[in-house]
Amino acid sequence: MTTSVRVFDVTRIRNDFPILARTVRDGKPLVYLDSGATSQRPNQVLDAEREFLTTCNAAVHRGAHQLAEEATDAYENARAAIAGFVGVDSDELVFTKNATESLNLVTHVLGDDRFERHLGPGDEIVITELEHHANLVPWQELARSTGATLRWYGVTDDGRIDLDSLELTAAVKVVAFTHQSNVTGAVAPVEELVRRARAVGALVVLDACQSVPHMAVDFHALGVDYAAFSGHKMLGPSGVGVLYGRRELLNAMPPFITGGSMIETVTMERTTYAPPPQRFEAGVPMTSQVVGLGAAVRYLDEIGMDAVAAHEHTLVEAALAALGAIDGVRIIGPTTAEDRGGAVSFVVDGIHAHDLGQILDDEGVAIRVGHHCAWPLHRRFGVAATARASFALYNTVDEVAALAAAVRRAQEFFGEVPA
């Protein structure tokens, strides 16, 4: 069992993550810069899951024995901790298997005519060109199934939402956007987008996958109606996601998936449904994963999200400076750290992103290459793929230097060092 973190000390923090001590590729130290895809887990999270599974593992909300009671308490205590972490109440927080399912839950219900806010022909859905496919494809499907029209904000040359590219009308019923781009790192102007949506009576859906793990986020204060994020991107287990929904909306929504645990009464003729959040958690939930995610938010809380954000801001500044100093490297996104998160995407002249990723891997540097589930955004910038370094609280400035050195090594390997 590890001790808790009380001050931001990156060396001490790294000691909580056993995987960071391993070597790769013929003994090179692992430089893990792919936390935007999935983050690593500290001992505190691993211990919490093991403790749950070895002492009180049982199905929640259904057994009458002691283990079931303790399991239910652990599950609901985790819900309370996670809700507090993002500034909402426990009954406004629904567990799903990931953020993609959370967003699909919202789009599915918005196509259900039992919900008074359901969409139909003539209605409009607004997203942005920055979106991850998880916040794009479900809206395309909703538009297809309801006859609604999908529109979007364009993107500026520095990878931010172009607020001048679209005017909202009374036909707009939903505005959905990412809080922090998983490609450009740009942080969205949430307050302004919420203001515009409210002016036309539209709902606001926030993809918070890349913001909640890296900065203090309060969904009530942001004024959004729904928000989604994943456990595995914020030091927690995979297989668990979260949907925040404003209480009044959740109470009015029909279920997404039906079955056991989400019912109030059942006869052979009809069923009535349990209040939220159980209405949206059919079947036996991913209990140990929820407990692990609860441990992850307690870990982050103890460090302090302002301290986490400040540390990652330093890493981003260092990365932008180091990569910007290499001839032949082009940043896809803002080139300053203002209103910017920890995803830094780039291309290197003359080297395909996948080839670059292979050379970096040989140097022990793990990054993501490809379109990062944001194909339209890559088309917007005229590139098929980018390399992306993404940071978390356990990364160091020395690792930024290792990234830059590996990029220079790739240029030498491919003979692409600018004259």
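The values are calculated or read from the model by the stated rules, or taken from the named source; none is laboratory data. Just so it is clear, the structure is predicted and the values come from calculations on it, not from any experiment. With ideal geometry, Cβ positions are generated from the backbone for all residues, glycine too; neighbour counts draw on all protein chains shown. Please note that ligands, DNA and RNA were not included when accessible areas were found on the heavy atoms of the full protein model with its side chains. Shrake-Rupley method; radii C 1.70, N 1.55, O 1.52, S 1.80 Å.
Just checking, does the range 61-70 include any residue being touching a residue at least 40 places away in the same chain (Cβ under 8 Å) and over 18 Å from Arg279 (Cα atoms)? Quick ask: steps written out before the conclusion?
Within the range 61-70, the first condition is being touching a residue at least 40 places away in the same chain (Cβ under 8 Å), and the residues that meet it are 61-62.
The next check asks that each one be over 18 Å from Arg279 (Cα atoms); those that pass are none.
No, the range 61-70 contains no residue that is touching a residue at least 40 places away in the same chain (Cβ under 8 Å) and over 18 Å from Arg279 (Cα atoms).
Checking the conditions here, which among Glu302, Glu317 is open to solvent by 30 Å² or more (accessible area, probe 1.4 Å), out of contact with any Leu (no Cβ under 6 Å at 6 or more places or on another chain), without any contact (Cβ under 8 Å) to a residue 24 or more places away in the chain and among the charged types (D, E, K, R)? Don't jump to the end; show me each part of the working.
On the way: Glu302 fails: without any contact (Cβ under 8 Å) to a residue 24 or more places away in the chain.
Exactly one of Glu302, Glu317 is open to solvent by 30 Å² or more (accessible area, probe 1.4 Å), out of contact with any Leu (no Cβ under 6 Å at 6 or more places or on another chain), without any contact (Cβ under 8 Å) to a residue 24 or more places away in the chain and among the charged types (D, E, K, R), namely Glu317.
Please go through the range 320-339 and pick out each residue that is under 14 Å from Ala404 (Cβ atoms) and either in the same structural domain as Gly159 (by the TED database) or touching an Asp or Glu at 6+ places or on another chain (Cβ under 6 Å) (or both). Break it down stepwise before answering.
Initially, the range 320-339 is screened for residues under 14 Å from Ala404 (Cβ atoms), giving 320-329, 331.
Of everything in the range 320-339, just one residue is under 14 Å from Ala404 (Cβ atoms) and either in the same structural domain as Gly159 (by the TED database) or touching an Asp or Glu at 6+ places or on another chain (Cβ under 6 Å) (or both), namely Gly328.
Name the single residue that is nearest to Cys373 (Cα to Cα) among those in the range 10-33 being part of a loop (DSSP other than H, G, I, E, B) and modelled with pLDDT of 95 or more.
At the first step, the residues of the range 10-33 found to be part of a loop (DSSP other than H, G, I, E, B) are 16-17, 22, 25-27, 30, 33.
After this cut, where a residue has to be modelled with pLDDT of 95 or more as well, the list is 16-17, 22, 25, 27, 30, 33.
Details: Asp16: 30, Phe17: 27, Arg22: 29, Arg25: 27, Gly27: 32, Leu30: 25, Leu33: 17 Å.
In this case the residue turns out to be Leu33.
Looking only at the range 378-419, which residues are in a loop (DSSP other than H, G, I, E, B) and within 24 Å of the chain's Cα centre (by Cα)? Quick ask: steps written out before the conclusion?
First pass over the range 378-419, keeping only residues in a loop (DSSP other than H, G, I, E, B): 381-385, 391-396, 414-419.
Phe381, Val383, Ala384, Ala385, Phe391, Ala392, Leu393, Tyr394, Asn395, Thr396 - these are the residues of the range 378-419 that are in a loop (DSSP other than H, G, I, E, B) and within 24 Å of the chain's Cα centre (by Cα).
May I ask you to verify whether Ala374 is over 16 Å from Val329 (Cα atoms), in contact (Cβ under 8 Å) with a residue 40 or more places away in the chain, open to solvent by 10 Å² or more (accessible area, probe 1.4 Å) and in the same structural domain as Thr314 (by the TED database)? Before the answer, list the steps.
Numbers: over 16 Å from Val329 (Cα atoms): yes; in contact (Cβ under 8 Å) with a residue 40 or more places away in the chain: yes; open to solvent by 10 Å² or more (accessible area, probe 1.4 Å): no; in the same structural domain as Thr314 (by the TED database): yes.
In short, no.
Can you pull out every residue in the range 146-165 that is part of a strand (DSSP E or B) and open to solvent by 50 Å² or more (accessible area, probe 1.4 Å)?
Taking the range 146-165 first, the residues part of a strand (DSSP E or B) are 149-153, 155, 161.
Thr149, Arg151, Trp152, listed by residue number.
From the list Ala143, Ala134, which residue is in a helix (DSSP H, G or I), in contact (Cβ under 8 Å) with a residue 40 or more places away in the chain and open to solvent by less than 50 Å² (accessible area, probe 1.4 Å)?
Values: Ala143 fails: in contact (Cβ under 8 Å) with a residue 40 or more places away in the chain.
None of the other options fit; the residue is Ala134.
Here is a list of conditions, (1) within 23 Å of the chain's Cα centre (by Cα); (2) not in a loop (DSSP other than H, G, I, E, B), and Asp361 meets all of them except one; can you say which number that is?
Failed condition: (1).
Of all residues in the range 275-297, which are under 19 Å from Tyr244 (Cα atoms) and surrounded by fewer than 18 Cβ atoms within 10 Å (Cβ to Cβ)?
Pro275
With the requirement that a residue be surrounded by 20 or more Cβ atoms within 10 Å (Cβ to Cβ), in contact (Cβ under 8 Å) with a residue 60 or more places away in the chain and not β-branched (Val, Ile, Thr), what does the range 105-131 give you?
Within the range 105-131, Leu105, His108, Leu110, Leu130, Glu131 meet the criteria.
Is one or more of the residues making up the range 325-343 among the β-branched types (Val, Ile, Thr), open to solvent by 20 Å² or more (accessible area, probe 1.4 Å), more than 30 Å from Lys97 (Cα to Cα) and not in a loop (DSSP other than H, G, I, E, B)?
At the first step, the residues of the range 325-343 found to be among the β-branched types (Val, Ile, Thr) are 326, 329, 331-332, 335-336.
Cutting the leftovers down to open to solvent by 20 Å² or more (accessible area, probe 1.4 Å) gives us 329, 331, 335-336.
From what is left, the residues that are more than 30 Å from Lys97 (Cα to Cα) are 329, 331, 335-336.
Subsequent filtering for residues that are not in a loop (DSSP other than H, G, I, E, B) retains 329, 331.
Scanning the range 325-343 turns up at least one residue that is among the β-branched types (Val, Ile, Thr), open to solvent by 20 Å² or more (accessible area, probe 1.4 Å), more than 30 Å from Lys97 (Cα to Cα) and not in a loop (DSSP other than H, G, I, E, B).
When you check Ala80 against the structure, is it buried (at least 19 other Cβ atoms within 10 Å of the Cβ), farther than 24 Å from Thr258 by Cβ and either free of Cβ contacts under 8 Å to residues at least 40 places away in the same chain or of a type in the set (Gly, Ala, Ser) (or both), yes or no?
Working: buried (at least 19 other Cβ atoms within 10 Å of the Cβ): no; farther than 24 Å from Thr258 by Cβ: yes; either free of Cβ contacts under 8 Å to residues at least 40 places away in the same chain or of a type in the set (Gly, Ala, Ser) (or both): yes.
In short, no.
Quick check on the range 75-92: of everything there that is touching a Phe, Trp or Tyr at 6+ places or on another chain (Cβ under 6 Å) and aliphatic (A, V, I, L, M), which residue is nearest to Asp218 (Cα to Cα)?
Val86
Looking only at the range 51-60, filter to residues that are within 27 Å of the chain's Cα centre (by Cα) and either surrounded by 15 or more Cβ atoms within 10 Å (Cβ to Cβ) or not in a helix (DSSP H, G or I) (or both); which one of those is modelled with the lowest pLDDT?
Narrowing the range 51-60 to residues within 27 Å of the chain's Cα centre (by Cα): 51-53, 60.
Pick out the ones that are also either surrounded by 15 or more Cβ atoms within 10 Å (Cβ to Cβ) or not in a helix (DSSP H, G or I) (or both) and you get 51-52, 60.
On the way: Glu51: 97, Phe52: 97, Val60: 93.
Among residues in the range 51-60 that are within 27 Å of the chain's Cα centre (by Cα) and either surrounded by 15 or more Cβ atoms within 10 Å (Cβ to Cβ) or not in a helix (DSSP H, G or I) (or both), the one modelled with the lowest pLDDT is Val60.
Take the conditions open to solvent by 30 Å² or more (accessible area, probe 1.4 Å) and either modelled with pLDDT of 95 or more or assigned by the TED database to the domain that holds Ser261 (or both) and apply them to Gly36. Does it pass?
On the way: open to solvent by 30 Å² or more (accessible area, probe 1.4 Å): no; either modelled with pLDDT of 95 or more or assigned by the TED database to the domain that holds Ser261 (or both): yes.
No, not satisfied.
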